[in-house]
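One structure is given here, and the rest of the page talks about it.
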Amino acid sequence: MKNAAIATAVTLSLALAGVVGWHTLGPRNDPAPELPPPGAFRPGTCRTVAEPVLSLARLAYRAKDRPTVPAPDRAELARVQTVLVSARSGAPEDLADALDGVVVAIGYARLRVDSGTFQPSYLRDLDTARQRLQAACVA
């Protein structure tokens, strides 16, 4: 009887550990952010940066709370940063600060990844800057 109780307790403990592990490492239940279509971005600079801005939103969701940034996402950050820097040169003044904020946040996140000091909060900061630019571009 005593062995059966111990076996039951061990089985229940293992089952609970499995549920907790699945919840922690398993698929997310939080919905992906709803994003505007590229056509919703104002014409001009905003339309030029629409695809990179939406790409950053998807990247931030995908990499949320990860301890590092996978190589394909690092390459995407570099690509997006290049596009945004290029778009900055012809940007109207009302977008300059928002564009600069995203470019700087990307640079900081990339620097921290490369130096091995990355924390998930850097991507959250990047996404906050991205949301600010998106809000300035979508009417």
Expected sort for 98-105, 66-73, 40-47 on mean C-beta neighbours within 10 Å, highest first, is 98-105, 40-47, 66-73
Counting only other residues whose beta carbon sits under 15 Å from that of PRO92, what net charge do I get with K and R as +1, D and E as -1?
-1
With every protein chain in place, what's the accessible area of LEU35 (1.4 Å probe, Å², nearest 10)?
50
Of all the accessible heavy-atom surface of region 28-139, with the other protein chains kept in place and a 1.4 Å probe, what percent is carbon and sulfur?
56
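The values are calculated or read from the model by the stated rules, or taken from the named source; none is laboratory data. All values reported here derive from a predicted model rather than from experimental measurement. Glycine gets a Cβ as well: all are built from the backbone with ideal geometry, and neighbour counts include every protein chain shown. The accessibility values were calculated without ligands, DNA or RNA, using every heavy atom of the protein model including side chains. Shrake-Rupley method; radii C 1.70, N 1.55, O 1.52, S 1.80 Å.
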